[in-house]
1. Determine whether the range 60-68 contains at least one residue that is modelled with pLDDT under 95, surrounded by 15 or more Cβ atoms within 10 Å (Cβ to Cβ), within 19 Å of the chain's Cα centre (by Cα) and not in a strand (DSSP E or B).
2. Going residue by residue through the range 14-30, is there one that turns out to be at pLDDT 80 or above, under 28 Å from Tyr80 (Cα atoms), polar (S, T, N, Q) and not in a helix (DSSP H, G or I)?
3. Failed condition for Lys81, given (1) closer than 17 Å to Phe137 by Cα; (2) surrounded by fewer than 15 Cβ atoms within 10 Å (Cβ to Cβ); (3) at pLDDT 95 or above, with all others met?
4. So which pairs qualify, if the first residue must be in the range 115-135 and among the basic types (Lys, Arg), the second must be in a loop (DSSP other than H, G, I, E, B), the Cβ gap must be under 8 Å, and the two must be at least 6 apart or on different chains?
5. Asn130 versus (1) surrounded by fewer than 15 Cβ atoms within 10 Å (Cβ to Cβ); (2) within 21 Å of Tyr31 (Cα to Cα): which is the lone unmet condition?
6. Could you tell me whether any residue of the range 106-119 is over 19 Å from Ser28 (Cβ atoms), part of a strand (DSSP E or B) and touching a strand residue (DSSP E or B) at 6+ places or on another chain (Cβ under 9 Å)?
Amino acid sequence: MKKQTLFLFALLSVFLMSCSTNMMGDNSKLYDNGWELEYITGPRIAFQGLFPDEKPVISFNKSTNMVTGSTGCNGYNTQYKMSGKMISFEVPATTTMRYCGEGEGVFLKTMKEVKSYRMTTDGKLELLMNDIVMMRFKKTM
């Protein structure tokens, strides 16, 4: 009886470890699609007020370790570094110079504060700082 209980416990432990490893190590969902911002933390200005015409987007390129997208006003690109669930972004360079209000500055500043990411069960991408959701994106493609 003890051997069966011990075997069952060992089998359950192996199963749980393999599931958590797969969840933590699978970043393939980041690539081959774009992500549109649907939430950003911080400002007291309503989300729609920050991005009245266009919402920011981000796309990850695995082979170049670059992200590209739009701040909701101007295009941008920058390098990122990823290790497990940890992620960091270099200072983004904007590719155009239009002024569209405060949203762009808030987006770029928040991007630099991000330390990790996670995928939610409903397929959203959350960029985090110390387990606090800084930005949440939904798939666009």
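1. No, the range 60-68 has no match at all.
2. There is no residue in the range 14-30 that is at pLDDT 80 or above, under 28 Å from Tyr80 (Cα atoms), polar (S, T, N, Q) and not in a helix (DSSP H, G or I).
3. Among (1) closer than 17 Å to Phe137 by Cα; (2) surrounded by fewer than 15 Cβ atoms within 10 Å (Cβ to Cβ); (3) at pLDDT 95 or above, the lone unmet condition for Lys81 is (1).
4. Correct list of pairs: Lys115/Asn130; Arg118/Lys85.
5. (2)
6. Within the range 106-119, the subset over 19 Å from Ser28 (Cβ atoms) is 106-115.
Pick out the ones that are also part of a strand (DSSP E or B) and you get none.
Within the range 106-119, none of the residues are over 19 Å from Ser28 (Cβ atoms), part of a strand (DSSP E or B) and touching a strand residue (DSSP E or B) at 6+ places or on another chain (Cβ under 9 Å).
Rundown of residues vs (1) surrounded by 13 or more Cβ atoms within 10 Å (Cβ to Cβ); (2) not in a loop (DSSP other than H, G, I, E, B), yes/no style:
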position	(1), (2)
Tyr76	yes, yes
Ile87	yes, yes
Gly101	yes, no
Asp122	no, no
Glu126	yes, yes
Lys138	yes, yes
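The values are calculated or read from the model by the stated rules, or taken from the named source; none is laboratory data. Nothing here was measured: the structure is a model prediction, and the numbers come from that model. Heads up, the Cβs are rebuilt from the backbone with ideal geometry, glycines too, and the neighbour counts pull from every protein chain shown.
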